[in-house]
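The values are calculated or read from the model by the stated rules, or taken from the named source; none is laboratory data. What you are looking at is a predicted structure, and each value in this text was computed from that prediction instead of being measured. Quick reminder, even Gly has a Cβ in these numbers, built from the backbone with ideal geometry, and neighbours come from all protein chains shown.
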Amino acid sequence: SVAAFCEEAIVRRELAENFCFFSENQCSFEGLHNWAKTTLNAHRKDKREYLYTRKQFDDAKTHDELWNAAQIQMKQEGKMHGFMRMYWAKKILEWTKSPEEAISFAIYLNDRYNIDGRDPNGFVGILWSIGGLHDGPFMERKVYGKIRYMALSGCKKKFNVKEYVERYVGETQESPEVKKKRKRN
């Protein structure tokens with residue numbers, strides 16, 4: 001719609017430009033609002049079900065085919081839909097040792113492959129996803145604290161996940177562990 005386009009092209013762009021112009025910490029944990037830093041710090045020691053290295057993320061070698069598809073799309077096309085970038089960055093938070101590491105990995109990958117790398121839109125999109133920038137607190141949960149959570153089940157309600165994964169990953173041979181986890185989601 002016209003309203004959605006204007007929201008993205010004007011409002012969100014200006015928010016990103018303004019944040020980066022006036023913030024000395026636009027690429028770091030310190031750039032987040034106090035409520036977000038507090039909640040992420042409170043969940044810093046929460047056990048992560050999976051931990052990945054920057055190389056594993058770069059190579060799209062996670063257990064999550066949707067995340068892998070988003071990473072492959074970014075590497076092949078230099079972009080991904082904003083909704084997918086939210087999912088992509090939030091899962092990096094979930095699968096790294098700390099919010100600082102998550103922000104560092106996400107900025108590295110975004111700057112390396114995405115058209116908006118080294119751009120206010122990229123920095124703000126990552127801090128929004130990982131640290132609730134331009135957002136508010138949500139229901140508290142493990143690892144995320146009060147940062148908005150996204151799940152595979154929510155993505156399935158929004159678009160055809162299977163088709164998206166097949167487009168970028170192809171038909172894959174899932175391990176029994178992945179099949180079992182997918183049934184739970």
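A few points about this structure:
- Filtered by the rule that a residue be part of a helix (DSSP H, G or I), surrounded by fewer than 19 Cβ atoms within 10 Å (Cβ to Cβ) and basic (Lys, Arg), segment 75-118 gives Lys75, Arg112.
- Residues in segment 150-185 that are among the acidic types (Asp, Glu) and at pLDDT below 95: Glu171, Glu174, Glu177.
- Against the conditions (1) in contact with a helix residue (DSSP H, G or I) (Cβ under 6 Å, 6 or more places away or on another chain); (2) at positive phi, Leu93 satisfies every one except (2).
- Here Asp64 clears all of (1) free of Cβ contacts under 8 Å to residues at least 60 places away in the same chain; (2) in contact with a Leu (Cβ under 8 Å, 6 or more places away or on another chain); (3) not basic (Lys, Arg) except the condition numbered (1).
- Residue in segment 78-91 that is touching a residue at least 60 places away in the same chain (Cβ under 8 Å) and farther than 16 Å from Ile130 by Cβ present: no
- For segment 142-158, filtering for residues that are out of contact with any strand residue (DSSP E or B) (no Cβ under 8 Å at 6 or more places or on another chain), surrounded by 15 or more Cβ atoms within 10 Å (Cβ to Cβ) and either among the aromatic types (Phe, Trp, Tyr) or outside any loop (DSSP other than H, G, I, E, B) (or both) leaves 4.
- The requirement of being in a helix (DSSP H, G or I), at pLDDT 95 or above, over 12 Å from the mean Cα position of the chain (by Cα) and of a type in the set (Val, Ile, Thr) is satisfied by Ile72.
- The set of residues in segment 19-42 that are crowded, with 17+ Cβ neighbours inside 10 Å and at pLDDT 95 or above comprises Ser28, Phe29, Gly31, Leu32, Ala36, Lys37, Thr39, Leu40.
- Against the numbered list (1) more than 15 Å from the chain's Cα centre (by Cα); (2) free of Cβ contacts under 8 Å to residues at least 40 places away in the same chain; (3) part of a helix (DSSP H, G or I), Ala16 comes up short only at (2).
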